[in-house]
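Here the structure comes first, spelled out in structure tokens, and everything after it is commentary.
The values are calculated or read from the model by the stated rules, or taken from the named source; none is laboratory data. Everything numeric in this text was worked out from a predicted model, so none of it was measured. Here the Cβ is made from the backbone with ideal geometry for all residues, glycine too, and neighbour counts use every protein chain on show.
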Amino acid sequence: MSKILIRGAKVLGGEPQDVLIDGESIEAVGTGLSAEGATVVEAEGKILLPGLVDLHTHLREPGREDSETVLTGTKAAAVGGFTAVHAMANTFPVADTAGVVEQVWRLGKESGYCDVQPVGAVTVGLEGKKLAELGAMHDSAAGVKVFSDDGKCVDDAVIMRRALEYVKAFDGVVAQHAQEPRLTEGAQMNEGVVSSELGLGGWPAVAEESIIARDVLLAAHVGSRVHICHLSTAGSVEIVRWAKSKGWNVTAEVTPHHLLLTDELVRTYNPVYKVNPPLRTEADVMALREALADGTIDCVATDHAPHPHEDKDCEWAAAAMGMVGLETALSVVQQTMVDSGLLDWAGVADRMSFRPAAIGRLEGHGRPVSAGEPANLTLVDPAYRGAVDPSGFASRSRNTPYEGRELPGRVTHTWLRGRATVVDGNLA
Ligand SMILES: [Zn+2]
């Protein structure tokens, strides 16, 4: 493999530096670097970040290849600047055995665009009744360390306790989709002023917060690690802040859409805004931004949830929940966190690479941009401005809430172990 010289990039937003890639790793970082025969990438004004890591991606394969495949999903990930994604377990069949997680893991290897770390289901069939083969999935070639019934909540406290006890043995983590099922029966959107005006079934904040409160207490009791998926309310932030102040092993993520969009958008009745957990209020959005800035929320996770046209282009009540997010995540984070002055680029590297990799105990990703490290890198042009055009997405699905919206920044290059997966904004 030949050498690549990235010239004059602001590494993590700092002073301009050159970065020399040799084969799969970074050979040198400094000023005035040169290399005979190297491919030169002029990066003046651009930000160089460690390859982004997503803790929460729905790749849909096996079973729903009409909405996404491992190949199309990893292409979308590369376009968005990601070098590793965690693939959620709610596939058909469910990723609740060593066989299925190994299948997803193998498909990821074959794709070559982005590393795929399968997430294992907590319970058999995501049914919440019987623990899945957590140990076998961990011991498999896929080496699963993150377990989640995402899409569904592990609502039985005894099952949740057993899962936390089980993963402790190998330093795994249970990622909880916090949604009390009885409190959200028939729920269509955030419970509040807008839901009463529209007459849509409300999804109360307490349905999320009560599960989070229970689970941080359970994690503390067991002495194990719990991760809370897609925090969406100010109250959830307060509970996580309290749990962390106790020194408990609790981590949390927020999606880009919960950092930007509010339930006011539901007034359009456009199902593109229907998502689980639902879009909340402006006050919730502001609390989530602040919590991501101060570290209460550890990381950004996309919850990339592709759906085919026919599952979204229907009346609100019948539409599937979820949005695609891989290809727009960094731009939304730039707008809500960087351009607003809440977080610098080093902070973005932390929340979108270092910390998610650490939570997933993922090796080879979320590493510093320095000599000897794997060349998993993302180059960003923060000055770029452009309207989101889903027709150009690498994802098989188009259900983005940002169509036509101008968002800042663009990933110009992504390197996976020294191999360019994206060049000048296009798949390599
Ligand atoms: Zn979820």
Failed criterion for Ala317 (all others in (1) crowded, with 20+ Cβ neighbours inside 10 Å; (2) more than 16 Å from the ligand (Cβ to nearest atom); (3) aliphatic (A, V, I, L, M) hold)
(1)
What about Asp303, is it of a type in the set (Asp, Glu), within 16 Å of the ligand (Cβ to nearest atom) and in contact (Cβ under 8 Å) with a residue 12 or more places away in the chain?
yes
So, in segment 354-378, of the ones that are in a helix (DSSP H, G or I) and small (Gly, Ala, Ser), which residue ends up farthest from Val19 (Cα to Cα)?
Ala358
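From the list Val144, Val79, Val119, Val124, which residue is within 16 Å of the ligand (Cβ to nearest atom) and at pLDDT 95 or above?
Being within 16 Å of the ligand (Cβ to nearest atom) and at pLDDT 95 or above holds for just one of Val144, Val79, Val119, Val124, which is Val119.
Which ones in segment 42-88 are of a type in the set (Val, Ile, Thr) and part of a strand (DSSP E or B)?
Result: Ile47, Val53, Thr57, Thr83, Val85.
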Only one of (1) more than 21 Å from Val285 (Cα to Cα); (2) outside the structural domain of His307 (by TED's automatic domain parsing); (3) not small (Gly, Ala, Ser) is not met by Phe354, so which one is it?
(2)
Gly322 passes all but one of the listed conditions (1) on the phi > 0 side of the Ramachandran plot; (2) touching a Leu at 6+ places or on another chain (Cβ under 9 Å); (3) within 16 Å of the ligand (Cβ to nearest atom); the exception is number (2)
Can you pull out the residues in segment 357-389 that are among the β-branched types (Val, Ile, Thr) and under 20 Å from the mean Cα position of the chain (by Cα)?
Ile359, Thr378, Val380, Val388
